[in-house]
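The values are calculated or read from the model by the stated rules, or taken from the named source; none is laboratory data. These numbers come from a predicted model, not from an experiment. We place every Cβ from the backbone using ideal geometry, glycine too, and count neighbours over all the protein chains shown.
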Amino acid sequence: MKQWPLLRSLSESLTRTLAAHSAYTLRFLSSATASPTFALKNVTKSNFESSLADLRRHVRDADFVAIDLEMTGVTSAPWRESFEFDRFDVQYLKVKDSAEKFAVVQFGVCPFRWDSSRHCFVAHPHNFYVFPRQELPVDGPSYEFLCQTTSIDFLAKYQFDFNACIYEGISYLSREQENEMLRCLNSECDDEMSLLWRNMKEVRDTPLVSVADVLFSERMKNRFNEWRKELLQDRKGGSQFLETSNDMKQQFQTIFFKMRPALILNGFTAHQLRLIQLVIKKHFKDLVYIRSSGDGSYSELIVYIDSDNDKNLLMKEVKDGLRREAEMKIKTAVGFRHVIDLLSSEQKLIVGHNCLLDIAHIYNKFFGPLPLTAEDFVSSIHKYFPYMIDTKILLNTNNVLKHLMKNGSTSLSKAFASLCPQIASSSKNSGLAFQPWVEVEVQVDDMRSSNWNSGAKHEAGYDAFMTGCVFAQACSNLGIDFKKHSSSANLAHNKNLQKHVNHLYFSWVNGDIIDLGTGNRIAATTVCYNLKRRYPKILFSNIVIVWGFPSQLSSKKIRECISKAFGPISVTTIYHLDETAVFVQFSKPELVADFLVLKETLETIQDPISVLHPLSVLLEGGNTCAASYETYKEICSSPISKVMFADQAKAVGIKWKTKLIESKEKVKTQEDESFSKENGATDAASDPADKSKTRKIEDVIDNLSDDRISGSEIIDSLYAAQTKLSKHIRTTNL
Amino acid sequence: MWLQRRGLSTKREWRVKQVTKSNFSQTLESLKPQISQSDFVAVSLQKTGSFSAPWHRVLPFDTPQTAYSKARFAADKFQVFQFAVCPFSVRASKVVAHPYNFHLFPRDELKIGMPSYSFSCQTSYLASMAREGFDFNVCIYDGISYLSRAQESVANARIGNPIPSNNVKTSSSTPSVADAVFIERIKSRVKHWKSACRDSSTRADEALVKSLRKLILGSEEYRSRPCVNLDVCSEHQVQLVLEVLGEFFDDLVPLLIPAKGGGTQAVRVILTSSEEDKDLLKRELQDLEEEQNKRVCGFREVIDLISASQKPVVSHNSLNEFAFIHSKFLSPLPPNMDEFMCSLRMVFPHVLDVNHLMKEIGPLKKVTNLSAAASCLKRRFFVPIDMEIPHQASNEDKIHGHNVLKISHLLANLCSILKITPEMIQSDGGHLASALEGYANIFHPHSTNTEDPIDGGIKVWTDDTRKVSSEGLVFIWGFRGRMSAGGLKRLLQGSHSVFSEEFDVRMVDGSCAIVVFWQSGLSQTFLEAISSNWISGLLREMVSEGLRAAGYETYKKACRLGFWEADLADSLDKALEEPDHNSEADSEAKPTGPSQIYWSRDSIINLDEL
């Protein structure tokens, strides 16, 4: 490693003087003049097969493979964006929604191989254009994907070639889709044969009506008779070719079909073919009518058979042929998934940059529908890709690297610029000459360059290349000696990387990390200490979600009116999901239930007092709904995506205005009850308490409807009611 | 590579001008007079998709309302990439047409999350556009954006562009005490500020003093003229300020500053130096507003032009086309067909559907696609109608948006066959020629009657189509595996006595079939039987295997509530679970009784088309 700077300065001087002709100079010469401008390997339908063969070789030899994806969008609605207020399960639901709705349009794969003879990495950046074209006809829902307008516009800004994607993009089938198709094929194959027989039966049933039909049938019968006779004579007479008249040659061509003499029927209408079928069925025991497919088109054949046994054999052969062909079609339709299968089967170390969403897309597009829970997702993805590294985590959690990055932004392009300046700027005269830079040579087909840089940011192939470079440099800075790591698995087991392998950001916003290997979550606070927290600690049990309130209400006003009702320090945070919905985090979990009960009560009692209540500001308009955090999760799991949260809640089918969390308590108390019953202990039923608490607050409000009491008294006594209430809840909780 | 495939355009050299962001405003100028001078405007849209599942298409048994629900769902979901517009006139046996094809992309030009956060694409639609050689890069890079009318007003409020106020209404009521105080305060503040401005402009102060004065007076500059912002709390106060200004100050021009959530936040008062300067400023503001509008509403200006001309608009499959137009360029679609028709009529008073006109002509009755219609016309009728396209378009231009010319040509043909002469066609003012009046504004794709389809004037047009009341229709699902209609019919025949009478079965999609009972009352008997406790025999067995059934009302409910699952069976299941008390539904569904539906004997749902 220490040799690197030396080597470079040496070669640089050589380049400058143009004196020597060593391999190094040649490389630098070529790169210094024109070479860095060649494009990376763009792969579309037309060159997919050949590129895949090359890629297989590169991946097999690689130490690690960097990947990157470009999608048609990220979030299907503003309120589905990543918030700090996302609980772990909600984070997964958001990622799942995104991966299910949007399409992958570009897939960057860049295998990196350590060349020990030249002490550099060789990278093969590939840029696959992918398009979910429906190649095989299946009934059921059509192939469809969502585009987020801003994402498409973003791609356009970076000159994404939509034509290449839609015209020439490689299509794919997921493993699940392929299996489903093969299953369908099995049942269809049986179907087709039965259909064939049924058709024949129907043909026999229809009598010939028109004179033309009778004449045609008669003529055909004669023709087939002739052909058959000739054929039989021929057999006796030895290896003499069949002599047929000219006019017959056009419509009937004699060939061998599966080792049997056969006639191809050309230029007949469907009606005529039906009549021929009928003739064969009626008059010829040793001829069969067959529809065979080949080269994508069907042809009608009359085949000579020796016996019934032979007939069955032939039918089986035809059937198998059809089946094989269909299987071939399905196999071709697998398309781009071959690349994923390759990555999975080679078990190489996969490197991505903040790549959870990428992984979710890969799962959804190429394996099967995403599991319902994050835990299932994590365990199954680990089976497919046993070694994964996220460079974003590496840069944010490793102290050495953090120091190098000067705690700056860890976006891919920033990381690339600060960790690999020699590649990023294509210049050799970096000020930090003592840094042991990792050399990366790029190879595309026959072209090679050691300071290649297409600079096409946000092109998947180039982003994958940058990710790989960042990883290689990071490894070097962590003191990993590539010479010792001949295999990918070896690299993944390096003790300096151990802490980071298979760690992925579940949500970058909260810095939540998951370990794919163990399925454990690594608490955000212990890892992400450089992330400035804008909000006090988030407690999901203290949160209510409120939506449908008057649109002009600001966070400040909402906080004000809730504080007036529940005390000045009752509200910790107000967070806007969008203009129609907020999270309200209370200082105490009891306040969640209190708030919901109070809201419900105020809405059911329509008297002047409830109008005067401070909370009524929030309830104005009569469309304000509120529920606990669980409801947010429920709404996130719906496949519907309306732009505004309030519309979404309606579309999901929420008809209530307040969802008390009593029901949950009831479940709890029921559990308690059954538990205590088992124990033989008697327990004072808590249900009456539940009822009594609502009654009590009603009592208070009834008492208050006396006009003599001043406003402040009202509020005070309401407070009193609430404290009673919260005590109740606390006791029932116990 | 793909551009080579563009050879497949029609033989005739019909050239359509392609319009993107770069030549939009120039095109708009030429389009304006062409629209006002033409008899008709043909429109045709190229969308990114139309239906996600087989049953989401408008099916022959759909009522106008369910058909509209389906069109509405599609219009909300998909996007328009090309919008072809063609003003045309019919003169003798010649169509004079000015075809344009606008490339649209819903780019968020103003960074306010509009016109569309996201949209769906059906890969088969994109693939077929690709087959025609459509250039997606041009569309996405240079497509024209737009805002609907509803979005524009929201946008104006959100960007906070000042709006010149020209209409000062003098309030008739005597001002309250509070108002009087407010008026006095405004008057003195403006007076003070004005004199300070005049003062300082004559005096040569130090920079520090100047800026201090600015700070204290709250004075700013607007277009190099001094101005001041007066905060207001309500629209009423805005009126008061405007009144004060109009009454006491001649040299001031007011501008309204919109608040973020709508309404007005402040009134900006600009001081002009003279009467000429005031006029100049007013002109400047007007230009600015126009420019702003152009930037904000984008392509919608074309829609507004067509609407303002009140010309009859000709299209093919008008329900789908106008659902999209309404959703993208006017306002979100109302839940109900009647509201949609009313709302649309305000903007486009006459909409002609060539598809509907074709139904008037025997041989064309069953033709649903434009090319087929053209070739059928050629074979069956001799209608020599020439096409004249006056404007010169470049070679590149001839590829897309041809449908709009086909529509124009077809309309001229149809009018000629229906003996509607050019003189009768030429509409004057806002009135459609009475000869065409009867064909206008019919949106039900399968309706065959010339009157309002909702009221149901009926005319049976072929022998093999029978009219059936929606009460006679029953949906069944939950049968095992894949079933053919014939197989299902055979299975049903022995299952219950109602099936001893005449009935028909058709598959709607892989999951669900529709049963037609020709004898009234039997459907009810069947539905009762299947939900009763004492079913027996084969039917009982089928039910225990999961067979379910529901009447037409359940189907209507699924459409109304927007249960657009991929399988109709799932949607119907969901609709059945939904409690019936929905009061909204009662107000929506008019008590019209059962709708009439045409039942065609020959395969009503052609699955091959899918």
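Numbers below:
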read-out	value
Every residue from the range A:161-175 that is within 12 Å of another protein chain (Cβ to nearest Cβ), out of contact with any strand residue (DSSP E or B) (no Cβ under 7 Å at 6 or more places or on another chain) and either surrounded by fewer than 22 Cβ atoms within 10 Å (Cβ to Cβ) or not hydrophobic (A, V, I, L, M, F, W, C) (or both)	A:Asp161, A:Asn163, A:Tyr167
One residue from A:Ser46, A:Ser76, A:Ser50 being of a type in the set (S, T, N, Q) and in contact with a Lys or Arg (Cβ under 8 Å, 6 or more places away or on another chain)	A:Ser76
Odd one out for A:Ser541, checked against (1) exposed (fewer than 15 other Cβ atoms within 10 Å of the Cβ); (2) without any contact (Cβ under 8 Å) to a residue 40 or more places away in the chain; (3) under 21 Å from A:Leu598 (Cβ atoms)	(2)
Of all residues making up the range A:444-469, the number that are of a type in the set (S, T, N, Q) and either on the phi > 0 side of the Ramachandran plot or within 22 Å of the chain's Cα centre (by Cα) (or both)	1
Qualifying residues in the range A:88-101 (those that are over 15 Å from A:Ile640 (Cβ atoms) and surrounded by fewer than 20 Cβ atoms within 10 Å (Cβ to Cβ)) - the one nearest to the other protein chains (Cβ to nearest Cβ)	A:Asp89
Residue check for A:Cys184: in a helix (DSSP H, G or I), touching a residue at least 24 places away in the same chain (Cβ under 8 Å), more than 7 Å from chain B (Cβ to nearest Cβ) and buried (at least 22 other Cβ atoms within 10 Å of the Cβ)	no
Qualifying residue in the range A:655-663 (condition: within 14 Å of chain B (Cβ to nearest Cβ) and modelled with pLDDT of 50 or more)	yes
Options A:Lys41, A:Lys45; residue that is more than 30 Å from B:Met114 (Cα to Cα), surrounded by fewer than 20 Cβ atoms within 10 Å (Cβ to Cβ) and touching a residue at least 40 places away in the same chain (Cβ under 8 Å)	A:Lys45
Scope the range A:363-377; condition of a type in the set (A, V, I, L, M, F, W, C) and either outside the structural domain of A:Val501 (by the TED database) or in contact with a Ser or Thr (Cβ under 9 Å, 6 or more places away or on another chain) (or both); matching residues	A:Phe366, A:Phe367, A:Leu372
Any hit, the range B:556-563, residues being surrounded by fewer than 20 Cβ atoms within 10 Å (Cβ to Cβ), at pLDDT below 85 and within 13 Å of chain A (Cβ to nearest Cβ)	no
Options A:Phe145, A:Phe128; residue that is at the interface with chain B (Cβ under 10 Å from one of its Cβ atoms) and among the aromatic types (Phe, Trp, Tyr)	A:Phe145
Any hit, the range A:76-87, residues being more than 13 Å from every other protein chain (Cβ to nearest Cβ) and under 18 Å from the mean Cα position of the chain (by Cα)	yes
Subset of the range B:310-355 [hydroxyl-bearing (Ser, Thr, Tyr), touching a Lys or Arg at 6+ places or on another chain (Cβ under 9 Å) and outside any helix (DSSP H, G or I)]	B:Ser331
Single residue of B:Lys378, B:Lys328, B:Lys365 found to be of a type in the set (D, E, K, R) and at pLDDT 90 or above	B:Lys328
Scope the range B:484-519; condition in a loop (DSSP other than H, G, I, E, B) and more than 38 Å from the chain's Cα centre (by Cα); matching residues	B:Gly494, B:Ser495, B:His496, B:Glu501, B:Glu502, B:Gln519
Residue satisfying condition, being closer than 18 Å to A:Asn510 by Cβ and out of contact with any strand residue (DSSP E or B) (no Cβ under 8 Å at 6 or more places or on another chain), within set A:Lys537, A:Lys557	A:Lys537
Close pairs from the range A:323-351: first on the phi > 0 side of the Ramachandran plot, partner outside any loop (DSSP other than H, G, I, E, B), Cβ under 6 Å, at least 6 apart	A:Gly335/A:Ile170; A:Gly335/A:Tyr172
Residue match in the range B:317-334 (condition: under 18 Å from the mean Cα position of the chain (by Cα) and either over 23 Å from B:Gln79 (Cβ atoms) or without any contact (Cβ under 8 Å) to a residue 40 or more places away in the chain (or both))	yes
For B:Ser307: the one exception among (1) in a helix (DSSP H, G or I); (2) farther than 24 Å from B:Gln37 by Cβ; (3) free of Cβ contacts under 8 Å to residues at least 60 places away in the same chain	(2)
When residues of the range A:125-160 are limited to those that are surrounded by fewer than 20 Cβ atoms within 10 Å (Cβ to Cβ) and among the β-branched types (Val, Ile, Thr), the one farthest from A:Asp54 (Cα to Cα)	A:Thr150
Test: residue in the range A:322-339 that is in contact with a Lys or Arg (Cβ under 8 Å, 6 or more places away or on another chain), part of a helix (DSSP H, G or I) and surrounded by fewer than 18 Cβ atoms within 10 Å (Cβ to Cβ)	no
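To keep it simple, each residue is scored yes or no on (1) among the hydrophobic types (A, V, I, L, M, F, W, C); (2) assigned to a loop (DSSP other than H, G, I, E, B).
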position	(1), (2)
A:Arg559	no, no
A:Ile569	yes, yes
A:Tyr575	no, no
A:Lys588	no, yes
A:Leu596	yes, no
A:Ile609	yes, no
A:Ala626	yes, no
